[in-house]
Amino acid sequence: MTQSAAHTPPFLIEAARSRSGDDPIFALNAEAQRRGRAGEAVVNATLGALMDDQGKLAVMKSVFDALASVDPQRAAGYAPIAGERGFLDAVVGDLFGAGELARCSVAAATPGGTGALHHAIVNFLEPGQALLAPEYYWGPYKTLADHTRRKVETFRMFDGARRFDSAAFERGLEGQLRSQGRALVLLNTPCNNPTGYSLDAQEWSDVTRIVRAAARRAPVALLVDHAYAKFGAPGAERWVEHAAQIVGEALLLVAWTASKSFAQYGARVGALVAVHPDESERKRIDNALAFSCRGTWSNCNHAGQLAIGKLLSDATLRGRADAERELLRKLLDERVAAFNTAAHAARLDYPRYEGGFFVSVFAQRPEAAAAHMRDAGVFVVPIPGALRIALCSTPARDVPRLVQALAAGLAAAN
Ligand SMILES: Cc1ncc(COP(=O)(O)O)c(C=O)c1O
């Protein structure tokens, strides 16, 4: 092998040359684990997977039974390009039951919610245009946008009362209609990552009013990122009734995933669902999504679709999965309650938090606060304007120490 040291040709195209390879969250997690292995009692609230109180990944037995029961001859073959019919119908049923919305839905299988977001970005925005998201959003929205030559624009998420800032959303959406003549809005609710926030009935009604008004002037697609929805507070599932209000004027999209709802992060089973009353528009969307499947991953995990399809549609298996998920929810809800009690007492500044994997506490100097916390053996993720805390990986018994470290870290950094 010869090596020409002087002038390495730029093999990578310009845009790919300065990509950062490591995910900062995984780097923090690695440091927490290293210190833990060296004998320190660390609290690791960095990673977004639900862990039991012994620090092991929580799994659902029903999912493995369903996987074991799939027909090997079918599972080993390619799945249909746009996904298994039974799986897609079951996902739509999971979201909308058997009503009008289900009849107005088309769907394509995707590798998790990430794939669903990808398909939405490439099909509902032109290259160069920007998706619209609240300022607190899941980082890979930006990665997906960059990678597909789109951008991200944000609006202020919370007003002075720490409620969803509908006026800022309206201004952001109006601005996009003026600047790019269309909009794709990503709302991760219930249980937003990173803040934990779920829109309430009033906030949803503001959102639908604003979206409907905008959609009379230009094409507007509203995508509900459903990743954590099954972990919302009781009543959170009523987002569907609100979102239904936009159907026919705006396009309703849902990014559905089994990653969290079936504790099946690695199987990469998800779907993008699109809801529109017009059959020919639905057909065009269906074709476009299938084309995107072929042009990216070709087709998705067949065994996973068969198993999750079965879990959603077989009454016995579904009952078992729901019961197992309920136990996981309980575990998480104990942590949420412990956090709210301790954080209120410590007067931490954070938005309404009723359930979900994460919560964020506002911080003026998040990097400095997180560094101070790390010195005390407590790991959280600094994000612009806040510290993200993964309660999904923090046992309730560690929450008082976590909150104490948060209070101390914020005081030291501010
Ligand atoms: C807000 C949000 N959306 C979507 C996803 C997609 O996850 P997956 O691709 O595993 O379904 C995640 C995962 O962490 C997330 O936090």
Residues satisfying the stated conditions in the stretch 77-91, i.e. away from the ligand (no atom under 16 Å from the Cβ) and either in contact with a Lys or Arg (Cβ under 9 Å, 6 or more places away or on another chain) or in a loop (DSSP other than H, G, I, E, B) (or both): 77, 78, 79, 80, 81, 82, 84, 86, 90
Selection within the stretch 36-48 - surrounded by 16 or more Cβ atoms within 10 Å (Cβ to Cβ) and either touching a residue at least 12 places away in the same chain (Cβ under 8 Å) or assigned to a loop (DSSP other than H, G, I, E, B) (or both): 42, 43, 44, 45, 46, 47, 48
The lone exception for residue 369 - which of (1) surrounded by fewer than 23 Cβ atoms within 10 Å (Cβ to Cβ); (2) farther than 27 Å from residue 226 by Cβ it fails: (1)
Residues of the stretch 102-126 classified as away from the ligand (no atom under 16 Å from the Cβ) and more than 20 Å from residue 150 (Cα to Cα), total: 5
Which numbered condition residue 307 misses (of (1) within 16 Å of the ligand (Cβ to nearest atom); (2) under 29 Å from residue 199 (Cβ atoms); (3) not hydroxyl-bearing (Ser, Thr, Tyr)): (2)
Tally, over the stretch 123-140, of residues that are part of a helix (DSSP H, G or I) and surrounded by 20 or more Cβ atoms within 10 Å (Cβ to Cβ): 1
The listed residue being in contact with a Pro (Cβ under 6 Å, 6 or more places away or on another chain) and at pLDDT 95 or above, out of 171, 162, 150: 162
Number of the condition not met by residue 121 [criteria: (1) touching a helix residue (DSSP H, G or I) at 6+ places or on another chain (Cβ under 8 Å); (2) free of Cβ contacts under 8 Å to residues at least 24 places away in the same chain; (3) more than 22 Å from residue 305 (Cβ to Cβ)]: (2)
Criterion violated by residue 339 - all others in (1) in contact (Cβ under 8 Å) with a residue 24 or more places away in the chain; (2) under 23 Å from residue 114 (Cα atoms) satisfied: (2)
Qualifying residue in the stretch 88-97 (condition: surrounded by fewer than 12 Cβ atoms within 10 Å (Cβ to Cβ), in the same structural domain as residue 230 (by TED's automatic domain parsing) and closer than 30 Å to residue 294 by Cα): yes
From the options 190, 140, 134, 194, residue that is under 19 Å from the mean Cα position of the chain (by Cα), farther than 22 Å from residue 273 by Cβ, within 16 Å of the ligand (Cβ to nearest atom) and not assigned by TED's automatic domain parsing to the domain that holds residue 387: 194
Filter pass, residue 105 being among the hydroxyl-bearing types (Ser, Thr, Tyr) and within 24 Å of the chain's Cα centre (by Cα): yes
Test: residue in the stretch 2-22 that is in a helix (DSSP H, G or I), within 30 Å of residue 252 (Cβ to Cβ) and hydrophobic (A, V, I, L, M, F, W, C): no
Flag for residue 128 being within 27 Å of residue 20 (Cα to Cα) and over 20 Å from the mean Cα position of the chain (by Cα): yes
Every residue from the stretch 236-249 that is within 16 Å of the ligand (Cβ to nearest atom) and without any contact (Cβ under 8 Å) to a residue 60 or more places away in the chain: 239
Residue tally, condition assigned to a helix (DSSP H, G or I) and touching a Leu at 6+ places or on another chain (Cβ under 7 Å), over the stretch 159-187: 3
Among the residues listed as 213, 233, 229, the single one being within 16 Å of the ligand (Cβ to nearest atom), out of contact with any helix residue (DSSP H, G or I) (no Cβ under 6 Å at 6 or more places or on another chain) and in the same structural domain as residue 262 (by TED's automatic domain parsing): 229
Whichever residue in the stretch 250-276 is at negative phi and out of contact with any strand residue (DSSP E or B) (no Cβ under 8 Å at 6 or more places or on another chain) and, among such residues, is nearest to the ligand (Cβ to nearest atom): 265
Any hit, the stretch 378-400, residues being under 25 Å from residue 263 (Cα atoms) and surrounded by fewer than 16 Cβ atoms within 10 Å (Cβ to Cβ): yes
Residue 102 vs. criteria surrounded by fewer than 20 Cβ atoms within 10 Å (Cβ to Cβ) and at pLDDT below 95: no
Only listed residue being surrounded by 11 or more Cβ atoms within 10 Å (Cβ to Cβ) and in a helix (DSSP H, G or I), chosen from 63, 59: 63
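The values are calculated or read from the model by the stated rules, or taken from the named source; none is laboratory data. A quick note: this is a predicted structure, and the numbers were derived from the prediction, not measured. Cβ: placed from backbone, ideal geometry, glycine included. Neighbour counts: every protein chain shown.
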